[in-house]
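Enquirer: Take a look at this one; I'll ask things after.
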């Protein structure tokens, strides 16, 4: 089962972009090799070459010393390689069992043996310690559960080389522990693993060695994680220290801008009430399943509330749908940017302008294309969105750059009052995080009321003026910045 993977001077060029430039490093059998770098640094491109989605323009990929060139994903899988991408790849209307065995479902005379497939999957999931129902359709599962299905799919293939791209970005603490246990077991079996994560705790907990990318080049490789400090890693990635990432400074809060009064909905265990002032950043923390995203969807009109009231600047609103919220100055950057945030087949420009396009009409009918182009170019430059041009399809951008485009969409709104950010930096590198935090501060300086939902406790503590903690579908408490620390927040978040 053991295999050694080697990248030798790998290069890849897209129109206007050199994605990889002579990248070389080795991943040894029985080792977990961390891959770190900013979004757009080339990590995901390298994994797509490994997975057969792209072919390198130069260089060689070797498996146990033998040159390989994968012309398709199928040829990569056949060679014993499994790549789990950050953007999940599944069939939503098929069951867990069908997704896990896609392409290799047991059959007899062409008829799928569904009972046999479900029993096989149920046994394998139990062996892995994963709590999933083989009969559940993927569409009905949470993002975290879908992530676990993707991970289990790679394990069922019995791959020699496994690459995981931000595998814990949507997992709960208990699911993350299950994943860590699986990764350590695979290492003990002699498999070669590549582990991409922006969470340094994970890199230090799991990885034996690591390689740092910047702008498509390998900046450094470290054979032993104990020989490298966190400040060294951050400096190699983005050229700044950890302490500089949040850049928080206090600002005066104005009058109450958003008042949520005893809102109730299907996902909440009890009515929720809180306020956010103009210029204030309120962080919402809680474990996965605590009800944070569900509460935000109620405020935004994406889900129907059963009772309660929402006020903006003291005026009660009737929010029946998301359009009502947007017209009232309330916007939401959703947790799942792929499914709910971006318009994948549209350009970067179209994604930035889709909401504010109504402001670019002449005589009420004719679109002012120059104003739209100028707006897109302005935000591409201002937020440092890495794209060859505003015409690039947004699906071809990295996750961090997609997120910046979504933020640009709301920054372009002239009458913005309340901004809800649900996991705004999920799967995003420290450099892009720093830029997104600056956008959040800019919105607060404009007088917007900011709600930031995050599962990363250091982020909540680093950015927020005040922290509200949710537990099991209800608000468990709130803490001003001066009183908020990890221990007090976790005491509120963990079930009693």
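Any read-out appearing in this document is the output of simple, stated calculations on the displayed coordinates, not a laboratory observation. Nothing here was measured: the structure is a model prediction, and the numbers come from that model. Glycine also receives a Cβ, built like all others from the backbone with ideal geometry; neighbour counts cover every protein chain displayed.
Enquirer: Please give the peptides 267-276, 145-154 ranked by average Cβ packing (other Cβ atoms within 10 Å per residue), highest first, as a rough proxy for protection. Before the final figure, lay out each step's value.
Expert: Working: 267-276: 17.0, 145-154: 21.4.
Packing order, densest peptide first, comes out as 145-154, 267-276.
Enquirer: Of (i) 25.1; (ii) 26.2; (iii) 20.2, which one was derived for mean projected area of the Cα convex hull in nm² from the structure shown?
Expert: Working out mean projected area of the Cα convex hull in nm² from the coordinates points to (i).
Enquirer: When a footprinting reagent is the concern and you count Cβ atoms within 10 Å, what order do 168, 60 take, fewest first? Please report the intermediate quantities before stating the final value.
Expert: Details: 168 22, 60 14.
The order, fewest Cβ neighbours first, is 60, 168.
Enquirer: Right, here's the next one. Divide by every residue of the chain the summed helix terms, -39500 (n - 2.57) for each DSSP H run of at least 4, and state the resulting mean residue ellipticity at 222 nm, rounded to the nearest 500 deg cm²/dmol.
Expert: Calculated mean residue ellipticity at 222 nm is -9500 deg cm²/dmol.
Enquirer: Expected output is a single nm value to one decimal: the length gained when fully extending between residue 247 and residue 137, i.e. 0.36 nm times separation in residues minus the C-alpha distance. What is it? List each step's numbers first, then the result.
Expert: Details: separation 110, 0.36 × 110 = 39.60 nm, distance 4.31 nm.
Result: 35.3 nm gained on full extension.
Enquirer: Please give the FRET efficiency for residue 273 paired with residue 354, using the beta carbon to beta carbon distance and R0 = 45 Å, rounded to the nearest 0.05.
Expert: Numbers: r = 33 Å, r/R0 = 0.72.
Computed FRET efficiency for residue 273 and residue 354 comes out at 0.85.
Enquirer: Can you give me the angle between helix 399-411 and the longest principal axis of the chain, using Cα atoms only, in degrees from 0 to 90, rounded to the nearest 10?
Expert: Approximately 10 degrees, to the nearest ten.
Enquirer: What is the helix-to-structure angle for 143-156, meaning the angle in degrees between its Cα long axis and the longest Cα principal axis of the chain, kept from 0 to 90 and rounded to the nearest 10?
Expert: Once rounded, the angle reads 0 degrees.
Enquirer: Can you tell me which of 455-461, 419-425 comes out highest on packing, and rank the rest after it, using the mean Cβ neighbours within 10 Å?
Expert: Ranking the peptides 455-461, 419-425 by packing returns 419-425, 455-461.
Enquirer: So if I take the centroid of the Cα atoms in region 124-141 and the same for region 19-75, what is the distance between those two points in Å?
Expert: 30 Å
Enquirer: When DSSP beta bridges are limited to those with both residues in the chain, what percentage is antiparallel, rounded to the nearest 5? Walk me through the intermediate numbers first.
Expert: Numbers: 45 of 81 bridges.
About 55 percent, rounded to the nearest 5.
Enquirer: Would you kindly state how much longer the chain becomes between residue 486 and residue 474 on full extension, computed as 0.36 nm times their sequence separation minus their alpha carbon distance, in nm to one decimal? Spell out each step's value before the answer.
Expert: Details: separation 12, 0.36 × 12 = 4.32 nm, distance 1.95 nm.
Between residue 486 and residue 474, full extension yields an extra 2.4 nm.
Enquirer: Ok, one more. Based on other C-beta atoms within 10 Å, arrange 224, 118 from fewest to most. Kindly include the intermediate steps, with their values, before the conclusion.
Expert: Values: 224 10, 118 18.
Sorted ascending by nearby Cβ count, the order is 224, 118.
Enquirer: So for the pair residue 94, residue 123, with labels modelled 7 Å out along Cα→Cβ, what separation do we get in nm?
Expert: 2.1 nm
Enquirer: Oh, and also: Between residue 24 and residue 78, 0.36 nm times their residue separation minus their Cα-Cα distance comes to what? Present the calculation step by step, with values, prior to reporting the outcome.
Expert: Values: separation 54, 0.36 × 54 = 19.44 nm, distance 2.36 nm.
This chain segment gains 17.1 nm when fully extended.
Enquirer: Could you list 318, 137 so that the one with the fewest beta carbons within 10 Å of its beta carbon is first and the one with the most is last? List each step's numbers first, then the result.
Expert: Working: 318 9, 137 15.
Ascending number of Cβ neighbours within 10 Å: 318, 137.
Enquirer: Still on this model: Mind running the shape call on region 345-496? Use the C-alpha gyration tensor, a ≥ b ≥ c as the square roots of the eigenvalues: rounded below 1.5 for a/c, prolate if a/b tops b/c, oblate otherwise.
Expert: Values: a/c = 2.66, a/b = 2.04, b/c = 1.31.
Because a/c hits 1.5 or more and a/b exceeds b/c, region 345-496 counts as prolate.
Enquirer: So for the pair residue 322, residue 220, with labels modelled 7 Å out along Cα→Cβ, what separation do we get in nm?
Expert: 4.2 nm
Enquirer: Next question, about the same structure. Angle between the Cα long axis of helix 173-188 and the longest principal axis of the chain, 0 to 90 degrees, nearest 10?
Expert: Taking Cα atoms only, the helix is inclined about 20 degrees.
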